[in-house]
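J.: My structure is below; once you've seen it, I'll send some questions.
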Number of protein chains: 2
Amino acid sequence: MFKLDERLQRDTFPVASLPLCELLLSNNAHYPWLILVPRREGITEIHQLDHADRDQLWRESHQVSVWMADHFQFDKLNVGALGNVVSQLHLHHVGRRKDDPAWPGPVWGHGATISYLPEQVEEIKSAFPWTTAFVG
Amino acid sequence: MFKLDERLQRDTFPVASLPLCELLLSNNAHYPWLILVPRREGITEIHQLDHADRDQLWRESHQVSVWMADHFQFDKLNVGALGNVVSQLHLHHVGRRKDDPAWPGPVWGHGATISYLPEQVEEIKSAFPWTTAFVG
């Protein structure tokens, strides 16, 4: 049975359950930062997913990316699966601005953090169009 | 016309021309580090590729990942498209070891670099099975 990693659970807010993945919002208001976690037990690498799951992961990643580019203001999208600290497979989507604290370096391992206010989380969750774009 | 970014060209060795991408070896012997660059002009984000190109990018990424896991020794594969410094779309595949200089942080922006010897580059290039797995 799939169980979300405890650190991912602690550091994020749930946004939506997509066909393959849980979509999470990283609790760091410095960056628009969404994370896809395939509901597959024991998977740590993208290439361990079977072909159908990989196709679906990239479909969901594309939809998240397009939505982020439409909804947030940023200069560059960073997409990556690292997993050096949390090994459960998870795919980051981080909107980067040239005036953000970590630019041009990566956000992972950078200390700057601002927690969201509850109403900010609700605004993002309610704006996410999962009911139309992501069914099926 | 597609032209490889000058910094990518300077910091890598060409390994193979795959159906969509140039496959490059990062000139840093600390990590097995391969980079896919789609031969598409003016593209900076994965989600700007059309559907067929995205499918092909992920197919090539999968084949590179599986080959790296088979050929090199590492504990975790980091896959990511950042582009904060070099905006031309390029997708990193970095094999990470728990005793590598940047672990558990990301390699991007980490200063440790060891240039390859020419014979090491040739060994990696000749081991890459592009003639069988990557045609078509």
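What follows draws every value from the coordinates through simple rules; no lab data is involved. Here the structure is a predicted model, which means the values were calculated and not measured. Please note: Cβ atoms are built from the backbone with ideal geometry, for glycine as well, and neighbour counts cover all protein chains shown.
J.: Compare A:H92, A:H62, A:H30 in a GNM of chain A, Cα atoms joined below 10 Å, and give the one with the largest fluctuation.
T.: A:H62
J.: With the calculation restricted to Cα positions, what are the radius of gyration and Dmax of segment A:6-117 in angstrom?
T.: When restricted to Cα atoms, segment A:6-117 yields Rg and Dmax of 13.6, 39 Å.
J.: Rounded to whole Å, how close does chain B get to the rotation axis onto A by Cβ? Give me the residue too, please?
T.: B:G80, 1
J.: So which GluC sites (Glu not before Pro) in segment B:1-56 are both in a DSSP loop and have at most 15 other Cβ atoms within 10 Å of their Cβ?
T.: Numbers: sites: B:E6, B:E22, B:E41, B:E45; in loops: B:E41, B:E45.
Sparse-neighbourhood loop GluC sites (Glu not before Pro): B:E41.
J.: Would you mind counting up the charge near A:P104? Only other residues with Cβ under 14 Å from its Cβ, with Lys and Arg at +1 and Asp and Glu at -1. Please list the in-between numbers first.
T.: On the way: positive: A:K76, A:R96, A:R97, A:K98, B:R7; negative: A:D75, A:D99, A:D100.
For residues surrounding A:P104, the net value is +2.
J.: Relative to the other copies, what are the label-point distances for A:D99, with labels 7 Å from Cα along the C-beta vector, expressed in nm at one decimal and sorted shortest first?
T.: Those label-point separations list as 4.7 nm.
J.: Here's a follow-up. If the label for B:G111 sits 7 angstrom from Cα along the Cα-to-Cβ line, what are its distances to the same label in every other copy, in nm to one decimal, shortest first?
T.: Going from nearest to farthest copy, the values are 1.8 nm.
J.: Taking the label point 7 Å from Cα in the Cβ direction, how far apart in nm is B:F2 from each other copy of itself, listed shortest first?
T.: When each copy's label point is compared with this one, the spacings are 3.3 nm.
J.: Among B:I124, B:I46, which comes first, second and so on when ranked by fewest other beta-carbon atoms within 10 Å? Could the numbers behind the result be given before it?
T.: On the way: B:I124 17, B:I46 22.
Listed from fewest to most nearby Cβ atoms, that is B:I124, B:I46.
J.: Please compute, for peptide A:97-105, the average count of beta-carbon atoms on other protein chains lying within 10 Å of each residue's beta-carbon. The partial results should precede the final answer.
T.: Numbers: counts 0, 1, 0, 1, 0, 2, 2, 7, 7.
Partner-chain Cβ atoms within 10 Å, mean over residues of A:97-105: 2.
J.: I'd like the mean, over residues of B:71-79, of how many other protein chain beta carbons sit within 10 Å of each residue's own Cβ.
T.: That works out to 4 on average.
J.: Taking the Cα of B:D55, stepping 7 Å toward and past its beta carbon, and measuring to each backbone N in segment A:48-70: which are under 11 Å?
T.: none
J.: Now a separate question. In deg cm²/dmol and to the nearest 500, what is the mean residue ellipticity at 222 nm of the protein assembly as shown if only DSSP H runs of at least 4 residues count, each as -39500 (n - 2.57), divided by the residue total? It would help to have the intermediate numbers written out before the result.
T.: Details: 8 runs with 82 residues, N = 272.
After summing the helix terms and dividing by residue count, I get -9000 deg cm²/dmol.
J.: Compute the relative contact order of chain B as a whole-number percentage, counting only Cα pairs closer than 8 Å that sit 6 or more residues apart in sequence. Walk me through the intermediate numbers first.
T.: Working: 188 pairs, mean separation 38.2, N = 136.
Once normalised by length, the contact order is 28 percent.
J.: How shielded is B:51-60 by partner chains, expressed as the average number of their Cβ atoms within 10 Å of its Cβ atoms?
T.: Values: counts 2, 0, 0, 4, 2, 0, 1, 6, 2, 0.
Mean shielding by partner chains, rounded to a whole number: 2.
J.: Viscosity 1.567 mPa s, temperature 4 °C: give me the Stokes-Einstein translational D for the protein assembly as shown in µm²/s, with Rh taken as the Kirkwood radius over C-alpha pairs.
T.: On the way: Rh = 19.2 Å.
After rounding, the answer is 67 µm²/s.
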